[in-house]
1. If you check F50, F34, which single one turns out to be in a helix (DSSP H, G or I) and touching a strand residue (DSSP E or B) at 6+ places or on another chain (Cβ under 7 Å)?
2. List pairs: first in the stretch 247-266 and more than 14 Å from F230 (Cα to Cα), second assigned to a loop (DSSP other than H, G, I, E, B) and charged (D, E, K, R), Cβ under 8 Å, 6+ apart or cross-chain?
3. Tell me which residues, restricted to the stretch 264-286, are more than 30 Å from L319 (Cα to Cα) and in contact with a strand residue (DSSP E or B) (Cβ under 7 Å, 6 or more places away or on another chain).
4. Looking only at residues that are polar (S, T, N, Q) and farther than 19 Å from A47 by Cβ in the stretch 218-277, which one is nearest to the chain's Cα centre (by Cα)?
5. Only one of (1) under 30 Å from E217 (Cβ atoms); (2) in contact (Cβ under 8 Å) with a residue 24 or more places away in the chain fails for L104. Which number is that?
6. Please enumerate the residues belonging to the stretch 162-172 that are of a type outside the set (V, I, T) and either surrounded by fewer than 20 Cβ atoms within 10 Å (Cβ to Cβ) or part of a loop (DSSP other than H, G, I, E, B) (or both).
7. Got a sec? Which of T110, T165, T143 is under 25 Å from P316 (Cα atoms) and either among the hydroxyl-bearing types (S, T, Y) or within 15 Å of the chain's Cα centre (by Cα) (or both)?
8. With more than 19 Å from R215 (Cα to Cα) and touching a helix residue (DSSP H, G or I) at 6+ places or on another chain (Cβ under 7 Å) as the only criterion, which of G137, G168 stands out?
Amino acid sequence: MKRREAIKLLGAAAASLVFSPSVVRAQARPVLGFLGSVSFKTFTAHADGFLQGFKDSGFVDGRNATIEYRWAEGHFDRLPALAAELVGRPVDLLITVGGNVAALAAKRATSKIPTVFLTGDDPVASGLVTSLSRPGGHMTGVTWLGGELGAKNLEQMRELLPDVTVIGILLNPTRPTADAQLKNAQEAARAVGKTLRVFPVKAAIEVATAFELARAEKIGALLVASDPLFLVDVKGVADLAKQHAIPTVYFLREFVVAGGLMSYGADIASAAKLCGDYAGRILKGANPADLPIQQSTKIELVLNLKTAKALGLTIPITLLGRADEVIE
């Protein structure tokens, strides 16, 4: 072979090595896209829990992996564009937090990039996966007890407010599993001898109107059903409850930290930690189609004594004894 021809061949081989996308992706540190339906401020526990699980599986952001964050800030209509932006980056793996609204946006943006979601909904009923045990496709994830906890919340509301006969529920009727949420709550209300009054809330801007209606109807207590739209302004929701002097129970501790009365719901940091573990396993070669949907069962009861005092309530010793956290 002539020297000039040999140089050309070596040059061509080097060029293909340098510019081949597959080789570049194999050599570079993995890039994850983290898509949240609300804000980092609200979802700090989601992010921290994920990073801990990711670290436990051998990956650290900025060291041997890169995480690109995108937050919809409660504007759910932005999620499709944010998901498409991450897919176009491109990323090796997608993580979604903040309910099915974020997970579905990711699913519509790609049918190939592995995706791990965290949601309080049934992922099968919502169309994310075909089976809990064998998800199939490119998605898997973690669920936490969202809609199923309404019954337990009502039991604890009866314990806190035994004389209240009518309990209101703020519910998003456009949520894919809203019917199941409502059915569970109605059955639970009947079981504890209470009447349930539904206040539909289709957008965050409607929350204030719902509280005004509840006060006008002299509703004795409110239950905020699990839904990302109520997380758009956690402090705003808690402030409305205090402003209208309505004892209100929530589905996440963030509301109680912001001044709400009581929450009974998932320990989100623990649930998100499971997502971090799944992300690490997928980056190491696991197929998301073969990773069963996990259910985080760690639940926490959080009480705010300062808010209870402002409402003129005395929290029963039985509730205090079961509380995982008491804010004074």
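The values are calculated or read from the model by the stated rules, or taken from the named source; none is laboratory data. Just so we're clear, the structure is a prediction, and the values are computed from it rather than from any experiment. Quick reminder, even Gly has a Cβ in these numbers, built from the backbone with ideal geometry, and neighbours come from all protein chains shown.
1. Answer to the check: F50.
2. A266/K298
3. C275, Y278, A279, I282, L283
4. The selected residue is S226.
5. (1)
6. P162, D163, N172
7. On inspection, the qualifying residue turns out to be T165.
8. Criteria check complete, one pass: G137.
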